[in-house]
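Below is one structure; the comments refer to it alone.
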Amino acid sequence: MKDAAEIFKKLHELWPNAHCELEHNNPFQLLLAVVLSAQTTDKAVNKALAPLFARKSDFSPSDLVAMGEKKFLSVIKSIGLAPTKAKNSVALARQLLQLHAGQVPLDRKSLEDLPGVGRKTANVVLNVVAGLPTMAVDTHVARVSVRLGLARRTENRVQIEEDLLKVVPQEWGVQAHNLLIFHGRYHCTARAPKCTACPVAHECRKVGVAIGKA
Ligand code: SF4
């Protein structure tokens with residue numbers, strides 16, 4: 001698909017440093033951060049975890065199990081759904097120790113069998129840690145993909161993921177999701193997309209989209 005190749009080339013020129021913005025020092029910390037980021041921002045998760053990772057840069061599943069749910073809840077209390085997330089996080093760490101020797105498994109089934117880990121979380125880990133061309137569809141990826149005509153308009157994020165996997169050229173497979181996230185987070189925002197200064201306006205089906213519309 002010629003347009004898709006052009007879109008990703010231009011997005012990469014605009015966002016050459018597009019990357020996962022959840023701060024982490026090892027795969028477990030990334031997995032934990034992604035689980036905690038459900039229905040909250042990466043910024044809020046980074047802020048909550050920063051003191052913990054600063055104190056112990058190699059924070060691991062055994063550290064979290066030793067810390068326990070109550071203490072971890074006090075660390076993440078500023079983020080949404082903290083009690084449930086604290087409970088899931090400790091269960092997740094315990095299961096990593098019991099089933100995977102404390103390592104993060106890099107296959108989809110094992111990842112999605114872990115407590116609190118869904119398809120999107122697995123996609124982020126497989127992309128960032130294993131360098132696989134997965135499409136983690138969050139609100140930014142969904143909005144920008146639909147506006148650009150890379151995916152059909154739907155509430156079904158698995159459908160958007162499947163559409164993207166069909167049209168994203170192989171050469172952009174690994175970077176595509178971060179390019180779409182950066183564009184959605186910092187340029188093609190939900191309420192105020194900067195269409196007049198957008199490098200992919202020529203390829204965009206929704207250029208000039210009215211404020212507040214998808
Ligand atoms: S032209 Fe507008 S709607 Fe299209 S991708 Fe750019 S900012 Fe978003």
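Applying Stokes-Einstein at 4 °C and 1.567 mPa s to the Kirkwood radius of the chain, computed over alpha-carbon pairs, gives a translational diffusion coefficient of 72 µm² s⁻¹.
Just to confirm the number: angle between the C-alpha axis of helix 82-100 and the first principal axis of the chain, 0 to 90 degrees, nearest 10? Orientation of helix 82-100: about 70 degrees from the principal axis. Our coupling estimate for region 122-133, obtained by passing each phi through the Karplus curve with A = 6.51, B = -1.76, C = 1.60 and θ = phi - 60°, is 4, 4, 5, 5, 5, 6, 6, 8, 9, x, 8, x Hz, Gly and Pro reported as x. By the helix-only formula, in which each DSSP H run with n ≥ 4 contributes -39500 (n - 2.57) and the sum is divided by residues, the chain has a 222 nm mean residue ellipticity of -17000 deg cm²/dmol. When the surface is traced with a 1.4 Å probe over the full set of protein chains, Glu6 keeps roughly 60 Å² accessible. Converting phi to 3J(HN,Hα) with the Karplus coefficients 6.51, -1.76 and 1.60 and the offset θ = phi - 60°, region 22-37 yields 7, 6, 7, 10, 8, x, 5, 5, 5, 4, 4, 5, 5, 4, 6, 7 Hz in sequence order, with x at every glycine or proline. Taking only the C-alpha atoms of region 27-128, the Rg (one decimal) and the largest Cα-Cα distance, Dmax (whole number), read 12.3, 33 Å.
The values are calculated or read from the model by the stated rules, or taken from the named source; none is laboratory data. None of the values given here were measured: they were computed from a predicted structure. Note: accessible area is taken over every heavy atom of the protein model, side chains too, but ligands, DNA and RNA are not part of it. Shrake-Rupley method; radii C 1.70, N 1.55, O 1.52, S 1.80 Å.
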